[in-house]
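We did not get these values from a lab; they are worked out from the coordinates using the rules stated. Since this is a predicted model, take the numbers as computed values, not measurements. Positions of Cβ are backbone-derived with ideal geometry, glycine not excepted, and every protein chain shown enters the neighbour counts.
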Amino acid sequence: MKIETTPLKDVLILTPNIFKDELGYFFESYNTQKVADFIKCEFVQDNESLSQKNVLRGLHFQIPPFAQDKLVRVIKGSVLDIAVDLRKSSPTYGQSYSIILSGENKKQLFIPAGFAHGFITLEDDTLFSYKCSNYYEKNAERTILWNDKSLNIEWNCDQPLLSDKDLIGENFSTFESPFN
């Protein structure tokens, strides 16, 4: 497995070694021993979502003590995946990183606690999967407005499909981060 850093400290790209033959392919999607030097959490919950093209989910996070590290990937289809640094003491506070994750490239993105996360689907029937280091807690869930101008995220979609909670996310300019 290849592990790469990104411009946002602690956000990592994991690319598996894929073994193909005439019958198909095989790869390890996760191996604790192989990532132990980079990822220091234990994952306790796996989640999966199915979305049509142009569905935008995010920018989501949970506040402490329910904050979550996430390892995200796409099983089928593709997304533009976004991580936003919410750590007040970070030199990249308020900055974002984006990457295309797809069933074809098999890349994964590790997003530590202290980041908001979102994605927009680029294909119909996109199957998105992610591991979390903490259990979901509804009362700890927060959303930053996906199109907040101060974040300057280029979603490449004028009319995304949004849930009610994503329509009313908090503005980043008035957001008080609970992350140091």
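In table form, for the structure just shown:
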| item | result |
| --- | --- |
| Filter result for Phe110 (under 13 Å from the mean Cα position of the chain (by Cα), closer than 20 Å to Pro178 by Cβ and of a type in the set (Phe, Trp, Tyr)) | no |
| Matching entry among Ile100, Ile82, Ile63 (being in contact (Cβ under 8 Å) with a residue 24 or more places away in the chain and touching a Leu at 6+ places or on another chain (Cβ under 8 Å)) | Ile82 |
| Lone qualifier among Phe38, Phe19 - being more than 28 Å from Thr174 (Cα to Cα), of a type in the set (Phe, Trp, Tyr) and free of Cβ contacts under 8 Å to residues at least 12 places away in the same chain | Phe19 |
| So Arg87, is it of a type outside the set (A, V, I, L, M), touching a Ser or Thr at 6+ places or on another chain (Cβ under 9 Å) and under 18 Å from Phe179 (Cα atoms) | yes |
| Subset of region 66-79 that is surrounded by 18 or more Cβ atoms within 10 Å (Cβ to Cβ) and either without any contact (Cβ under 8 Å) to a residue 12 or more places away in the chain or among the aliphatic types (A, V, I, L, M) (or both) - its residue that is nearest to Ile153 (Cα to Cα) | Val79 |
| Within region 56-161, strands (runs of 3 or more DSSP E) holding 2 or more residues that are hydrophobic (A, V, I, L, M, F, W, C) | 56-62, 70-76, 78-85, 96-102, 108-111, 115-121, 126-132 |
| Residues of region 2-39 that turn out to be touching a Leu at 6+ places or on another chain (Cβ under 9 Å), aromatic (Phe, Trp, Tyr) and under 18 Å from Glu104 (Cα atoms), as a count | 1 |
| Filter pass, Ile82 being of a type in the set (Val, Ile, Thr), surrounded by 15 or more Cβ atoms within 10 Å (Cβ to Cβ), in contact with a strand residue (DSSP E or B) (Cβ under 6 Å, 6 or more places away or on another chain) and closer than 13 Å to Gln108 by Cβ | no |
| Those residues of region 1-16 which are in contact (Cβ under 8 Å) with a residue 60 or more places away in the chain and surrounded by fewer than 16 Cβ atoms within 10 Å (Cβ to Cβ), in sequence order | Pro7, Lys9, Thr15 |
